[in-house]
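Where a number appears in this text, it was derived from the coordinates with a stated rule and is not lab data. Model, not experiment: these values are computed from the prediction. Every residue, glycine as well, gets a Cβ built from its backbone with ideal geometry; the counts of neighbours run over all protein chains shown.
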Amino acid sequence: MCIRDRDAMKSEFISNVSHELRSPLHSIRGFTRLMLSGKVPDPETQREFLAIIDQQSEQLGRLIDSLLDMSRLESGRFQIQKQPVAIGEVIHDAVESFYGVASEKGMVIEEDIPQDLPEIEVDGNRVKQVIANLLSNAIKFSNGGREVKVRAELRDNEVLVQVIDHGIGIPEQAMPHLFERFYRAKDSMARGGAGLGLYISKQIIEAHGGRIWAESQPGKGSTFSFTLPLNQAQGGCDE
């Protein structure tokens with residue numbers, strides 16, 4: 001990629017990040033001002049507004065974490081701290097944190113996670129981050145009432161995890177670029193608000209010695225899959 005193209009992508013990235021930051025901030029400020037002004041006396045409505053504020057705050061936190069991760073990747077300070085964890089519990093915990101988000105959109109998350117998945121050496125928080133990135137996209141790009149499925153299985157010497165949606169899908173021309181830094185599709189099927197989530201997810205999975213990929217049909221949905229090896233050396237960091 002030439003320098004001009006890279007500079008154009010960085011400029012677009014800055015614009016996208018500004019938009020992604022501004023939207024939840026406006027929402028948080030608007031609902032907070034309504035409550036502070038005394039215009040929302042009903043306790044049930046107050047709880048509803050507070051839930052929205054909490055959700056938008058989490059969105060801001062994830063974006064800020066992504067920006068910090070990108071900085072660490074570029075400076076070679078991106079850390080993966082592995083330790084033995086029950087991978088099934090890690091997957092379930094990540095999924096459980098999205099129950100409320102899915103419910104608000106009229107969606108259901110189905111889990112197909114075997115009880116006998118082994119304990120493996122991974123950075124549990126980083127794996128949760130990957131699942132959160134994939135689930136966030138799956139919910140965002142699916143219509144209300146649709147189901148998102150998270151499944152896992154043991155195969156050969158690795159654990160396979162998949163996030164399956166029945167949403168708008170991804171254009172064929174975008175598929176080869178999904179995991180590139182700053183990349184964001186140019187049309188209504190754009191996936192990944194600031195062009196960071198999938199890029200960082202790829203770095204995390206590859207730092208564990210795994211693979212990540214996507215399959216999609218426009219109008220029929222997408223499946224994002226990643227693997228984690230069963231046998232890994234303890235500790236370490238990677239970019």
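Taking label positions 7 Å along the Cα-Cβ direction at both Gln217 and Glu48, the computed distance is 3.8 nm, reported to one decimal. What aspartates and glutamates could a cross-link reach from Lys39, if we take a straight Cα to Cα line under 20 Å and drop same-chain neighbours fewer than 8 places away? Once the sequence-local aspartates and glutamates are set aside, what remains near Lys39 is Glu48, Asp54.
Using the Cβ-Cβ distance between Asn231 and Glu104 with R0 set to 45 Å, the FRET efficiency from 1/(1 + (r/R0)^6) comes to roughly 0.65. Straightening the chain between His177 and Gln79 buys 32.8 nm, computed as 0.36 nm per residue apart minus the Cα-Cα spacing. Computed from the C-beta positions of Leu60 and Glu89, the FRET efficiency with R₀ = 35 Å rounds to 0.80. Projected onto its three principal axes, the C-alpha set of the range 15-64 covers 37, 16, 10 Å, listed from the longest axis down.
List the pairs from Lys128/Lys220; Lys128/Lys202; Lys105/Lys220; Lys149/Lys202; Lys82/Lys202 whose alpha-carbon separation is above 23 Å, in the order I gave them. Going by Cα-Cα distance, Lys128/Lys220 fall outside the 23 Å limit. Highest mean packing comes first when the peptides 146-153, 55-62 are listed by Cβ atoms within 10 Å, giving 146-153, 55-62. The local environment of Lys149, defined by Cβ-Cβ distances under 11 Å, has a net charge of -3 under the rule Lys, Arg +1 and Asp, Glu -1. All other residues whose Cβ lies under 13 angstrom from that of Gln59 are scored, Lys and Arg at +1 and Asp and Glu at -1, for a net of -2.
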